[in-house]
Each structure stands twice: as structure tokens, then as C-alpha cells.
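K.L.:
Handing you a structure now.
The values are calculated or read from the model by the stated rules, or taken from the named source; none is laboratory data. Note that this is a predicted model, so its numbers are computed, not measured. We place every Cβ from the backbone using ideal geometry, glycine too, and count neighbours over all the protein chains shown. Note: areas computed on protein heavy atoms with side chains; ligands, DNA, RNA excluded. Shrake-Rupley method; radii C 1.70, N 1.55, O 1.52, S 1.80 Å.
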Amino acid sequence: QVRLVESGGGVVQAGGSLRLSCAASGSIFSINVMGWYRQAPGKQRELVAQITSDGSTNYADSVKGRFTISRDNAKRMVYLQMNSLKTEDTAVYYCRIVTSIRDSWGQGTQVTVSS
């Protein structure tokens with residue numbers, strides 16, 4: 001079993017910043033990819049950012065230059081630093097970890113950006 005717990009969500013004004021954290025626990029042997037996804041009301045879940053085991057990153061065009069993903073392998077943590085937040089960033093943010101044998105998701109954390 002793998003458990004992912006997100007934290008750091010909340011309400012912030014447009015232009016502000018938040019830092020999301022995701023803690024992984026359980027039977028994790030080889031993490032290939034760690035990532036953040038989001039789902040706004042009435043929309044499909046979409047990739048925000050991901051980072052591979054060798055540190056390569058990939059971002060959605062809408063967040064490039066504003067969001068930064070990072071990971072701490074020893075602590076089994078993945079982070080998402082979100083700057084210059086916009087109202088359209090409002091969504092539930094989910095952490096995802098893909099290993100050689102399992103694809104795991106967290107429960108999500110709400111991010112609300114007010115105008």
C-alpha cells in the first residue's frame with residue numbers, strides 16, 4: 001500500500017503564492033515519476049507539473065514560469081511552489097507517484113485564488 005498526503009492548500013489572493021507538499025509512505029521501492037495534477041469544477045483533471053527520477057521536469061504551458069516542482073527522494077516528498085497565482089489556478093490539486101509497479105494518487109488539496 002502507498003499513501004500520499006497533500007498539504008499546503010488554502011485561499012490566497014491573486015498574485016500571491018502557495019507551496020504544496022506531498023508526503024509518500026508505504027511500500028515504495030522505485031519512484032519513476034512524481035507529479036501534481038489539478039481539477040477545476042466542471043473540468044477534466046490535468047497535469048500541472050511532473051518530475052522524473054533523474055530530475056527532469058515538465059510543466060503545463062499555463063503554469064510555466066510561475067510554478068516550480070521539486071522532490072526530496074530521501075524524505076519521499078514532492079513539492080509545488082506556486083507563485084503569481086491567478087484565479088484560473090483555482091482547483092483541487094492532486095499528488096501522483098508512479099513506480100515500477102504502482103500508480104498512486106493522493107486525496108487532493110483545495111487551492112482557491114480570489115480576485
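K.L.:
Looking at segment 93-115 only, could you name the residues that are open to solvent by 50 Å² or more (accessible area, probe 1.4 Å), assigned to a strand (DSSP E or B) and hydrophobic (A, V, I, L, M, F, W, C)?
P.N.:
W105
K.L.:
So, one more: Within segment 63-85, track down each residue that is of a type in the set (K, R) and surrounded by 15 or more Cβ atoms within 10 Å (Cβ to Cβ).
P.N.:
Within segment 63-85, R66, R71, R76 meet the criteria.
K.L.:
When you go through Q50, Q81, Q39 one by one, which is the residue that is farther than 20 Å from A14 by Cα and either touching a residue at least 24 places away in the same chain (Cβ under 8 Å) or touching a strand residue (DSSP E or B) at 6+ places or on another chain (Cβ under 7 Å) (or both)?
P.N.:
The conditions single out Q50.
K.L.:
Scan segment 1-24 and report the pairs whose first residue is more than 16 Å from W36 (Cβ to Cβ) and whose second residue is open to solvent by 60 Å² or more (accessible area, probe 1.4 Å) and of a type in the set (D, E, K, R), with Cβ atoms within less than 7 Å and a gap of 6+ or a chain change.
P.N.:
V2/R102; A14/K86
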